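Some notes on the structure that comes next.
The values are calculated or read from the model by the stated rules, or taken from the named source; none is laboratory data. This one's a predicted model, so the numbers in the text were calculated from it and none came from an experiment. All Cβ positions, even for glycine, are placed from backbone atoms using ideal geometry, and neighbour counts span all protein chains on display.
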Amino acid sequence: MNILITGGTGFIGGALAQSLYQQGHNLTMLSRKPDSVTKICGAGVNAIGSIKDLSRDDSWQVIINLAGAPIFDSRWSAARKQIIRDSRIQLTGQLVAYMADMAVKPELLISGSAIGYYGSQGDVILTEQSATIEDFSQQLCHDWENAALAAEQFGIRVCLMRTGLVIANGGGILQRMLPPFRLGLGGRLDDGKQWMSWIHRQDWIAIAQLMITDASMRGAYNATAPNPVTNSEFTQILAQHLNRPALLPVPAWLLKIALGKMSELVLGSQRVMPERLLATGFTFQYPDLNSALNEALSND
């Protein structure tokens with residue numbers, strides 16, 4: 001297949017691109033840094049630097065839209081929030097406008113989203129049908145998904161991946177947690193009761209590949225493992241894997257000072273279940289946190 005990927009040089013997209021390329025697909029990457037594409041994704045992956053470089057006569061069977069400014073890179077000022085929104089929603093809108101103009105439409109658009117779609121809901125079990133609680137992340141994901149769903153009017157199948165915390169070697173949540181935990185300085189955040197819904201990167205890639213091959217899949221899917229854990233549980237399990245103590249909890253007031261509004265992300269609670277994926281018969285290679293951390297840390 002001819003596949004176009006945006007945001008494909010990131011922690012998830014780079015691994016997805018390598019997997020798809022190894023399967024024999026023809027890949028083109030839309031990236032702000034096209035010179036980095038070959039290094040990250042492989043010598044056979046084409047790179048373009050702007051959506052303006054795309055032609056209406058291009059032939060893509062699948063477009064995978066993962067582009068977006070990093071959420072955790074800096075404090076959430078008003079300007080930063082706007083960058084986060086524009087990098088997702090505006091680009092998605094531009095992609096859909098491009099698809100509308102294509103002579104031959106793609107069969108499938110896979111577009112990124114996140115479990116922030118639900119807002120912070122404590123211990124409530126969340127499925128794809130659950131009600132939402134509005135906050136910045138919820139509104140961001142809602143608008144991002146709606147921008148992608150506009151492609152359906154052109155007969156394009158749209159799948160949305162509401163992604164949880166991604167676990168793998170070399171990035172994601174572990175990249176931020178490992179340094180203090182290895183020094184024995186790790187601990188729960190606040191009371192540790194907030195739920196963390198996570199997924200191993202290999203399972204995320206398998207979900208995307210299933211969406212490509214299973215034409216019955218459409219709409220939103222929770223890309224999370226079926227066994228979420230509380231922050232306290234995550235902390236203890238990670239510490240055990242590293243053979244280190246986890247005795248230094250970080251109080252909420254300190255997180256709010258250090259992170260500002262971004263503290264909503266680490267103090268929020270989403271207990272998410274992949275109900276629609278399980279209904280397809282999808283089998284997770286890493287269904288529990290122990291197995292996911294075993295794989296990730298063995299390659300660290």
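Per-structure values
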{"item": "Selected residue (criterion: farthest from residue 121 (Cα to Cα)) from residues of the range 254-300 that are out of contact with any Asp or Glu (no Cβ under 8 Å at 6 or more places or on another chain) and β-branched (Val, Ile, Thr)", "result": "283"}
{"item": "Number of positions in the range 30-72 that are of a type in the set (Lys, Arg) and in contact (Cβ under 8 Å) with a residue 24 or more places away in the chain", "result": "2"}
{"item": "Selection status of residue 181, within 21 Å of residue 299 (Cβ to Cβ), more than 19 Å from the chain's Cα centre (by Cα) and aromatic (Phe, Trp, Tyr)", "result": "yes"}
{"item": "Test: residue 118 is modelled with pLDDT of 95 or more, among the aromatic types (Phe, Trp, Tyr) and more than 25 Å from residue 210 (Cβ to Cβ)", "result": "no"}
{"item": "Top-ranked residue in the range 17-48 [being over 20 Å from residue 59 (Cα atoms) and surrounded by 24 or more Cβ atoms within 10 Å (Cβ to Cβ); ranked as modelled with the highest pLDDT]", "result": "37"}
{"item": "Qualifying residue in the range 70-92 (condition: at pLDDT 90 or above, surrounded by fewer than 23 Cβ atoms within 10 Å (Cβ to Cβ), of a type in the set (Ser, Thr, Tyr) and more than 30 Å from residue 255 (Cα to Cα))", "result": "no"}
{"item": "Residues (out of contact with any Pro (no Cβ under 9 Å at 6 or more places or on another chain), surrounded by 15 or more Cβ atoms within 10 Å (Cβ to Cβ) and not in a loop (DSSP other than H, G, I, E, B)) located in the range 95-112", "result": "95, 96, 98, 108, 109, 110, 111, 112"}
{"item": "Helices (runs of 4 or more DSSP H) fully within the range 1-92 counting 2 or more residues that are of a type outside the set (Lys, Arg) and under 15 Å from the mean Cα position of the chain (by Cα)", "result": "13-22"}
{"item": "Residue count for the range 225-282, restricted to those that are acidic (Asp, Glu) and either assigned to a loop (DSSP other than H, G, I, E, B) or at pLDDT 95 or above (or both)", "result": "2"}
